[in-house]
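J.: Supplied in structure tokens, the structure appears directly below.
The values are calculated or read from the model by the stated rules, or taken from the named source; none is laboratory data. Since the model is a prediction, treat every value here as computed from it, not as a measurement. Cβ sites come from the backbone with ideal geometry, for glycine too, and all protein chains shown count toward neighbours. These accessible areas exclude ligands, DNA and RNA; they are computed on the full protein's heavy atoms, side chains included. Shrake-Rupley method; radii C 1.70, N 1.55, O 1.52, S 1.80 Å.
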Amino acid sequence: MKFVCVCQSGLGTSFMVQMNIQSLLEESGVNIDNFELEHMDVGSATPDAADYFFVEATLVSALPNIPTEKIMPLQSIIDKEVAREALYKVLDENNISHQ
């Protein structure tokens, strides 16, 4: 499963979210080899780039081509618990067990 973390410029913020998701996957006890993570800017995000897109909530409107069910809006990009909730929602929806 592929996750892309998206921010305005595709640099610092999206990379920070990517690192948080990576850490959360490792903590959750899933097989990390089943996941691919990347980060990019909003202009580069296309529907076929990932299974799910983690994005700061105010940027959701900048992704009109991405189906809403693939977007995981984050109310806070610095709060790891917000990222955990979004990640676990994806895992649960895909019947992937986690700790």
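J.: Looking at 51, 41, which is the one that is among the acidic types (Asp, Glu) and out of contact with any Lys or Arg (no Cβ under 8 Å at 6 or more places or on another chain)? Even if it seems obvious, please write down each step before you answer.
T.: Numbers: 51 fails: out of contact with any Lys or Arg (no Cβ under 8 Å at 6 or more places or on another chain).
After applying the criteria, what remains is 41.
J.: Taking segment 22-36 on its own, how many of its residues are surrounded by 13 or more Cβ atoms within 10 Å (Cβ to Cβ) and at positive phi?
T.: Of the residues in that region, 0 qualify.
J.: Against the condition modelled with pLDDT of 95 or more and open to solvent by less than 30 Å² (accessible area, probe 1.4 Å), how does residue 55 come out, does it pass? Break it down stepwise before answering.
T.: On the way: modelled with pLDDT of 95 or more: yes; open to solvent by less than 30 Å² (accessible area, probe 1.4 Å): yes.
It is true that residue 55 is modelled with pLDDT of 95 or more and open to solvent by less than 30 Å² (accessible area, probe 1.4 Å).
J.: Are any residues in segment 1-21 among the basic types (Lys, Arg) and either closer than 13 Å to residue 63 by Cβ or open to solvent by 50 Å² or more (accessible area, probe 1.4 Å) (or both), and if so, which ones? Write out each step before concluding.
T.: Initial filter on segment 1-21 (among the basic types (Lys, Arg)): 2.
Result: no residue meets the conditions.
J.: Could you give me the residue pairs with C-beta distances under 7 Å whose first residue belongs to segment 32-51 and is touching a residue at least 40 places away in the same chain (Cβ under 8 Å), whose second residue is loosely packed, with under 15 Cβ neighbours inside 10 Å and assigned to a strand (DSSP E or B) wherever it lies, and which are 6+ apart or on separate chains?
T.: So the pair list comes out as 50/2; 51/2.
J.: OK, next. Please go through segment 63-96 and pick out each residue that is open to solvent by 90 Å² or more (accessible area, probe 1.4 Å) and in contact (Cβ under 8 Å) with a residue 24 or more places away in the chain.
T.: 78
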